[in-house]
Every structure is written in C-alpha cells, then in structure tokens.
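Participant: Got a structure for you, questions after.
The values are calculated or read from the model by the stated rules, or taken from the named source; none is laboratory data. Computed from a prediction, not measured in an experiment: that's the story for all the values here. Using ideal geometry, Cβ is built from the backbone for each residue, glycine included, and neighbour counts are taken over all protein chains shown. Accessible surface is based on the protein model in full, side chains and every heavy atom, while ligands, DNA and RNA are left aside. Shrake-Rupley method; radii C 1.70, N 1.55, O 1.52, S 1.80 Å.
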Amino acid sequence: MRILLYNPDNGVTRNFMPHLWMFLLKSLTPPGHEVLLIDGNARPMDELQIAQYVRDESIGLVGIGAMTRMIAKAYRIADAIRATGVPVVMGGPHVTELADESLGRDGGPRHADAVALGEADETWPQIVNDAVNGQLKEKYAPIDGLGKERKPSLKRYPVIPWDSIDLDQFNLVPKSAAALLRKVGEGWGTFRIVPVESGRGCPYGCEFCTVTGFFGDSIRFRTNESVVNELLLLKARAHKERGQMAVFFIDDNFAINVKRTKSLLRDIIAAKAQVHWVAQISANLLRDEELVDLIAASGGTWIFIGMESIDPANLKDVNKGFNKPGEYAAVLDRLAQRNVYAITSFIFGMDNDTTGVAERTLTQVRTWPPGLPIFGLLTPLPAIPLYKRLETSGRLTRPKHWQEFIPFAMAHTPLKMTIEEAHAEVKYGWEQAYSPEALAQAVDALTDRPLGYRINIFLARLCFRGIYFPMMGKMAWLKVVAQNRRTILKLAREAFFGRRARPKNPDAKDAYEPVAVPDVNGEVSA
Ligand code: B12
Ligand code: SF4
C-alpha cells in the first residue's frame with residue numbers, strides 16, 4: 001500500500017524544520033509499504049491539489065498530524081481526501097484531547113476515519129495492518145494488557161534512514177544559489193535543520209503546556225548510542241552532499257536529568273558526532289558550569305529558554321515559579337561566555353501583565369547578551385490546566401478558538417488589560433526586537449567575537465522575523481535588506497578586508513568574557 005503522511009502549514013509563517021512524527025512513523029511502518037511525506041510548510045497544497053495528488057499517486061491511506069493551531073486546515077484537507085474514498089487517520093496532541101471532534105461525535109462533521117490517541121509508536125503498525133485489511137477501528141490507544149495507558153519505551157528506538165530519505169523539500173538554501181554555495185568552504189549547497197529527540201516527558205506541569213499531560217511526567221530516554229549514531233548519519237549525509245546539517249533536539253527539557261545529559265554530550269564528543277545543535281533547556285538547569293561547558297563543546301549553538309515573563313507573580317500563576325527572573329542575566333552570560341546564545345521566549349497577556357509589559361521586558365533584554373527574543377500570547381489549548389481554569393471562571397471569549405484560527409489573537413480576557421492591549425504588546429515586542437537598530441546593536445555587542453558569531457546572530461535575527469512577520473515574498477525581503485544595509489555592509493567589509501569596528505561600549509563585553517571551549521571540529525577558540 002502507498003501511504004501518505006501529511007502535516008498542514010499554519011497559513012501564516014514558514015516553518016524552518018520538518019516534523020519528527022512523519023519520519024518516525026515512516027520508520028515504524030511495517031515492511032512492504034511505500035510511505036510518502038508532505039509537509040505543507042515546505043510544499044503548500046490546497047484541498048483540490050491534495051485530493052488530486054492522492055488520486056494520482058494511488059494512495060491507500062493518509063495519516064495527518066497537526067497542532068491545535070493547524071487543526072482547522074488539517075480538517076479541511078482530511079475532508080477533501082475522504083471525499084476521494086481514501087481513509088484518513090489523524091494523530092497528535094489536538095485530536096488526542098478532542099477525539100470526538102475529529103470523529104464527528106460532538107455534533108459536528110466527521111473528519112477522520114480513525115484517531116491515534118497519544119504516542120503512536122506502538123499503535124501505528126497495527127493501524128497500517130488494519131487499513132490494509134479494510135478493518136480500521138475508530139480509536140487506537142497505547143494500552144497494556146490491563147487496559148492501562150502505556151508510554152512507549154525509547155530504548156529500542158528505530159533507525160531513521162536519514163542517509164536515504166528524500167529531504168529535498170526541507171533544504172533551506174534557495175535552488176538558485178545551491179550550485180554556487182556547494183563550492184563555498186566545506187559546502188553550503190544544502191542547509192537543513194533536522195529534529196532529533198533524545199527523550200520524552202516533562203514533570204514540571206506548567207499550566208499553559210500540553211507536554212506533561214500528553215507525554216507524562218516520567219521521563220524516558222533513548223540510549224546514548226542510538227542518539228550518537230543518528231548524529232553520525234546526519235553528519236555523513238551533509239558531508240556527502242557538500243551541505244550543512246544542524247539538529248534541533250526537540251526534547252522539552254533537554255537537561256531534565258543533568259547527569260544523563262552530560263553523559264550523552266560526552267559520548268557525542270568522544271564519537272566526534274558534533275553538529276551545530278539547538279535544544280530547549282529551562283533556565284534553572286543552566287546553573288551548572290560543567291553542563292554549559294559540555295553544551296558548547298558538543299556543538300550546542302542556540303538554547304531555547306522558556307522565560308515566559310520577567311514577573312515572578314506571573315510565573316507563580318502559571319505554575320512556573322521555578323523560573324527565577326533574577327538569574328536570567330547570569331544564565332545568559334554563562335552561555336555567551338562560551339559563544340552559545342539563547343532564544344528567549346516570552347508570553348504576554350498573563351494575569352499580572354499590564355500595558356507596557358513589552359517595553360519593560362525589552363529593557364531587560366537589552367542588558368543581556370544578544371539573542372533571539374520571541375513573543376507570544378497566553379493560549380488556552382484544549383485540556384490543559386489553563387483551559388480548565390479559564391473555562392471555570394467564565395473568561396474564555398472564544399472557547400473553540402481553533403475552529404476559526406486567528407494568528408496572534410487571544411481567546412480569553414487577561415485580568416489587567418484588554419485583549420487589544422495584549423495584542424499591541426506582542427506586536428511592539430516583535431517590531432522593536434527586530435528593528436534595523438536592534439539588529440545593529442546585537443551585532444555590535446559581539447564586536448570582540450570572531451566574525452562568524454556576528455554573522456550568525458545577524459542571519460538568525462533576520463530569519464526569526466519570519467516567525468512573526470507574515471510570510472515574506474521577494475519584495476519584502478529586499479526591503480528588509482535595504483533597511484539593514486549598514487549592518488550588512490559592515491559585516492561584508494570585515495569579511496573581505498578584515499576591518500573591524502571598535503566596540504561602541506568597550507566595557508560591555510566584560511559582562512561575558514569568553515572562555516576557551518573546543519568548537520564542533522574539536523578546535524579550541526575563545
Ligand atoms: C519541535 C516543536 C516545535 C517546532 C516546530 C515543529 C516541528 N517542525 O517539529 C517549533 C519550535 C517551530 C514549534 C513552534 C510552535 N509550537 Co511546538 N513543539 C515542538 C515540540 C517541542 C516537539 C514536537 C515533536 O516533534 N515531538 C516528538 C514527536 C515524536 O511527538 P508528536 O509530534 O506528538 O508525535 C507523536 C504523537 O503525537 C503521534 N502523532 C503525531 N502526529 C501524528 C499523525 C498520525 C497520522 C499518527 C498516527 C500519529 C501522530 O505519534 C507520534 C509518535 O508517538 C512539541 C512538544 C513535544 N514534546 O511534542 C511542541 C508543541 C507541539 N508545540 C506547541 C505549540 C503550541 C507551538 C507554538 C504555537 C508556539 C508555542 N507557544 O509553543 C508554535 C507554533 C508553530 C507553528 N508552525 O505554527 C504545542 C502544541 C499543543 C497543541 N495542542 O497544539 C506543543 C505540544 C508544546 C506545548 N507547549 O504544549 N514547536
Ligand atoms: S518546563 Fe516546558 S515542557 Fe515542561 S511543562 Fe513547563 S513549559 Fe511544558
């Protein structure tokens with residue numbers, strides 16, 4: 001049977017990375033089937049096009065996965081496919097929480113023939129076999145012999161065939177430039193950011209998050225060997241095609257067990273499996289100097305930190321009191337000393353937020369080493385504790401907000417400002433943090449560092465604009481380039497003529513004096 005796995009686009013921004021579930025389920029598919037992957041972010045299709053594709057390619061089963069914000073699009077695509085007579089199975093966090101909605105049992109229309117509840121690693125082979133036999137059940141749940149939910153172990157993790165899988169749609173290098181860039185340095189003909197997981201689960205239970213409910217509070221890890229082998233496979237592929245490969249460790253808290261993370265990072269270094277990597281780690285776990293040394297030495301380049309708020313009262317409200325805003329600066333300095341920078345994520349519209357929260361947050365951000373601040377709104381996702389609290393107190397303004405998804409729009413009223421004011425705060429945050437002046441400051445703040453780091457921060461900031469600012473066409477990009485021409489020229493002058501501007505504030509660098517750590521090639525730099 002030919003199986004299509006499809007992930008819809010979010011209709012607003014372009015995703016920079018494919019979704020792991022597709023590669024994982026492809027690897028777990030019983031032999032004898034062909035599995036095709038389409039990520040709507042990389043290969044957009046509308047309902048008519050997907051239905052035509054399914055017919056043309058003689059697809060016998062379609063699997064669709066989607067987060068809540070993409071679920072309306074996922075349902076439209078599912079409806080179009082089911083109209084061709086091909087069965088649709090849906091999975092992921094949204095349909096797990098609202099299976100009746102997908103199956104049309106809540107009074108609405110039916111969108112899926114079957115739903116995979118929770119983690120589908122062990123149920124997927126059964127789903128495929130049942131589809132082949134025309135005996136799809138409505139619900140598949142991972143349960144043990146006693147009917148209790150079972151979380152799959154990651155000890156026998158499948159080998160994802162990264163060396164042979166078709167990754168064309170996920171190349172971030174434009175086709176027009178690939179041939180030329182292949183010849184630059186070690187080769188830049190391809191650049192891909194690939195998701196890899198080393199473990200699942202998070203015990204922290206923050207009120208706005210799906211993870212503790214979905215993956216559970218007990219953490220499960222892959223073996224170090226299996227993670228290291230996956231990195232080696234990715235590295236070999238990048239080398240073969242004269243391109244670059246970076247990894248996003250999608251674990252929700254990559255250092256949740258610090259001892260284990262250190263042992264994994266040591267094994268990565270020992271096997272020379274370093275690639276540039278990004279991971280999510282909560283600030284409290286980055287107090288450990290040895291951990292941060294190992295992060296840098298094993299290729300850690302960006303750390304995503306869910307700071308959420310600089311107001312301890314807000315953090316306490318959402319059960320994230322373990323975040324201590326007073327230590328954010330020290331944590332970021334510790335990383336920056338090793339040339340590791342942070343994606344700092346903030347949520348506005350929390351109950352203790354008042355107008356001006358964006359500027360208050362940015363005032364702090366500007367005193368930190370440069371990074372990538374990102375801003376979102378508090379969102380009541382289905383079945384999370386926050387949803388239940390707001391529902392009980394009658395504060396949900398759009399209880400089924402996902403059915404009519406509006407990007408960057410609140411679905412409840414905050415306590416100390418209006419919905420519109422909260423929207424304006426998020427807009428202000430993005431616009432200020434990514435203005436040409438802010439980009440120039442970020443580059444200037446690294447004047448004492450090798451050029452590569454300044455180019456890295458500049459390009460990363462430019463790309464991050466894409467997360468908030470609507471999809472940008474060629475003209476919009478040209479405008480951004482024109483607005484940032486001074487910084488671009490400065491970096492270009494230095495690249496070609498080795499000229500370096502003096503730091504604007506020579507004292508500023510003392511805040512994160514560099515320490516010597518080996519880079520991904522094992523060479524020491526400071
Ligand atoms: C990586 C990641 C991202 C990446 C993008 C996704 C990508 N390309 O991989 C980035 C960083 C860009 C991102 C952004 C956002 N994310 Co995000 N992200 C994740 C993260 C950390 C990992 C996803 C993952 O690969 N998990 C591992 C795989 C194996 O698990 P899985 O995807 O759930 O798949 C399993 C099952 O669900 C099931 N399954 C899934 N799909 C399907 C389909 C079929 C057919 C079947 C049978 C089974 C099945 O089988 C799989 C194997 O067991 C998750 C948290 C988490 N741990 O999952 C959050 C998560 C998915 N993100 C979430 C959210 C809310 C967002 C954002 C809106 C921002 C935010 N506030 O966090 C944005 C929106 C992005 C957009 N495009 O619009 C929520 C989604 C909750 C929900 N109900 O929708 C999650 C769960 C985290 C959370 N805070 O609660 N995210
Ligand atoms: S620490 Fe992160 S993954 Fe864990 S519950 Fe909180 S927000 Fe979710």
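Participant: Add +1 for every Lys or Arg and -1 for every Asp or Glu among the other residues with Cβ under 13 Å from the Cβ of A99, and state the total. Mind showing how you got there, number by number?
Facilitator: Values: positive: R105, R110, K137, K139; negative: E97, D100, E101, D106, D113, E138.
For residues surrounding A99, the net value is -2.
Participant: While we're here: Calculate what fraction, in whole %, of the accessible area of the chain sits on carbon and sulfur atoms when a 1.4 Å probe is rolled over the protein chains.
Facilitator: Numbers: 13150 of 23450 Å².
C and S atoms contribute 56 percent here.
Participant: Okay, next question. To the nearest 500 deg cm²/dmol, what mean residue ellipticity at 222 nm is calculated for the chain from DSSP H runs of n ≥ 4 alone, each contributing -39,500 (n - 2.57), summed and divided by the residues? Mind dumping the intermediate values first?
Facilitator: Details: 20 runs with 197 residues, N = 526.
Only helices count here, giving -11000 deg cm²/dmol.
Participant: Additional query: Give the peptides 49-61, 295-307, 71-83, 270-282 in descending order of average Cβ contacts within 10 Å, highest first.
Facilitator: Values: 49-61: 16.8, 295-307: 23.2, 71-83: 21.0, 270-282: 19.3.
So the order, starting with the most tightly packed, is 295-307, 71-83, 270-282, 49-61.
Participant: Using only the Cα atoms, work out Rg/Rh for segment 159-315, with Rh taken as the Kirkwood radius, to two decimals.
Facilitator: Details: Rg = 17.2 Å, Rh = 16.9 Å.
Ratio of gyration radius to Kirkwood radius for segment 159-315: 1.01.
Participant: Please work out the Cα center distance from segment 365-385 to segment 90-132, rounded to the nearest Å.
Facilitator: Result: 30 Å between the Cα centres.
Participant: Short version: ³J(HN,Hα) in whole Hz for each residue of segment 226-237, in order, from phi by Karplus 6.51 cos²θ - 1.76 cosθ + 1.60 (θ = phi - 60°), x for Gly and Pro, what are they?
Facilitator: Those phi angles translate into 5, 5, 4, 4, 5, 5, 5, 5, 5, 4, 5, 5 Hz.
Participant: Further question on the same structure: Convex hull over the Cα atoms of the chain, averaged projected area in nm²?
Facilitator: Numbers: hull surface 98.4 nm².
Computing the convex hull of the Cα atoms and averaging its projections yields 24.6 nm².
Participant: Residue by residue, what Karplus-based ³J(HN,Hα) values in Hz, rounded to whole numbers, does segment 265-280 have, using 6.51, -1.76 and 1.60 with θ = phi - 60° and x for Gly and Pro?
Facilitator: Coupling constants for segment 265-280: 5, 5, 5, 4, 5, 4, 8, 6, 9, 5, 10, 5, 9, 10, 8, 8 Hz.
Participant: Need the list of lysines near K240 for cross-linking: C-alpha distance under 30 angstrom, and skip anything on the same chain fewer than eight residues off.
Facilitator: The reachable lysines, counting only those whose Cα sits under 30 Å from K240, are K26, K155, K175, K183, K262, K272.
Participant: Sort 116-123, 224-231 by packing, meaning the average of other beta carbons within 10 Å per residue, with the highest value first. Write down the numbers at each step before the final one.
Facilitator: On the way: 116-123: 22.1, 224-231: 18.4.
Highest mean packing first, the order is 116-123, 224-231.
Participant: In Å², what does the accessible area per residue of segment 379-497 work out to with a 1.4 Å probe? Don't skip to the end; give the middle numbers.
Facilitator: Working: 6290 Å² over 119 residues.
With all protein chains present, segment 379-497 gives 53 Å² per residue.
Participant: For a quick protection proxy, order the peptides 246-257, 443-454, 125-136, 168-179 by their average other-Cβ count within 10 Å, most packed first.
Facilitator: Numbers: 246-257: 21.5, 443-454: 18.7, 125-136: 15.5, 168-179: 12.8.
Peptide ranking by packing, descending: 246-257, 443-454, 125-136, 168-179.
Participant: Ok, one more. Please list 3J(HN,Hα) in residue order for segment 381-393, calculated via the Karplus relation 6.51 cos²θ - 1.76 cosθ + 1.60 where θ = phi - 60°; whole Hz, with x for glycine and proline.
Facilitator: 6, x, 6, 7, x, 4, 4, 5, 4, 5, 5, 4, 8
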